[in-house]
Amino acid sequence: MADKILFSGTTHVKGGKNGYARSTNGVLDIALPQPHPAAENLFAAAWSTCFIGALELAASQKKVTLPASPEADTTIDLLNRGADGFVLRARLDISVPGVDRDTARDLVDLAHKICPYSKAVEGNIDIELNLA
């Protein structure tokens, strides 16, 4: 069976002092005066958004009603590991309001298995998933 594309995002990025990132659909238009701090923030936002969607799907699959919208505070650290060079580290602090802690933990763990961003980085960077 061939892959079915659900969505494609295309963004043009220009570096330098007057850098920017603009998506072709107009949803994203942001100044990038410094490449790395913006990159980590953008990655954190993209991963968090995907993770929340995966968590909502996990809740649906488990027949769990979410009384409030889940939230995520995601930190992406850029590290210099000497001889290994530059690497990323991630911490996702996930809040699932109105859901008991054990159920919320199960949903977070399942969401991590569902989320394409989580799949892309699993085993490649250090990831910490916290239930806030």
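Values quoted throughout were computed directly from the atomic coordinates according to the rules given, and no laboratory measurement underlies them. These numbers come from a predicted model, not from an experiment. Reconstructed Cβ throughout: ideal geometry from the backbone, glycine too, with neighbour counts over all protein chains shown.
Just subtract the alpha-carbon distance of Glu122 and Leu78 from 0.36 nm times their residue separation and send over the number in nm, one decimal.
Working: separation 44, 0.36 × 44 = 15.84 nm, distance 1.64 nm.
Between Glu122 and Leu78, full extension yields an extra 14.2 nm.
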- [ ] Please work out the Cα center distance from segment 52-130 to segment 1-33, rounded to the nearest Å.
- [x] 23
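Rounded to the nearest 0.05, what FRET efficiency do Arg105 and Thr49 have when you use their Cβ-Cβ distance and R0 = 30 Å?
Working from the Cβ atoms, E equals 0.90.
Would you mind working out the magnitude of the charge dipole of segment 56-132 relative to its Cα centre, with +1 at each Lys and Arg C-beta and -1 at each Asp and Glu C-beta, to the nearest 20 Debye? Please list the in-between numbers first.
On the way: 9 positive and 13 negative charges, 41 e Å.
With only Lys, Arg, Asp and Glu charged at Cβ, the dipole is about 200 debye.
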Task: Cβ charges +1 (Lys, Arg) and -1 (Asp, Glu), total dipole of the chain, debye - done: 380
Open item on the list: Using only the alpha-carbon atoms, what does segment 13-72 span along each of its principal axes? Please give whole angstrom values in decreasing order.
Closed with: 49, 23, 16
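Short version: what are the Cα gyration tensor semi-axes of the chain, square root of 5 times each eigenvalue, largest first, in whole Å?
Numbers: eigenvalues 162, 74, 44 Å².
Those come to 28, 19, 15 Å.
Evaluate E = 1/(1 + (r/R0)^6) for Lys62 and Asn130, where r is the Cβ-Cβ distance and R0 equals 22 Å; express this FRET efficiency to the nearest 0.05. The partial results should precede the final answer.
Numbers: r = 20 Å, r/R0 = 0.92.
So, using R0 = 22 Å, E works out to roughly 0.65.
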Task: Signed unit charges on C-beta, dipole axis of the chain, positive-most listed residue Leu107, Gly123, Thr11 - done: Thr11
Task: Taking the chain and dividing mean pair separation by its residue count, relative contact order in percent (alpha carbons under 8 Å, at least six apart) - done: 20
- [ ] Give the total of Lys-Lys pairs in the chain with Cα-Cα distances below 24 Å; include a pair only if its members are 8 or more places apart or on different chains.
- [x] 6
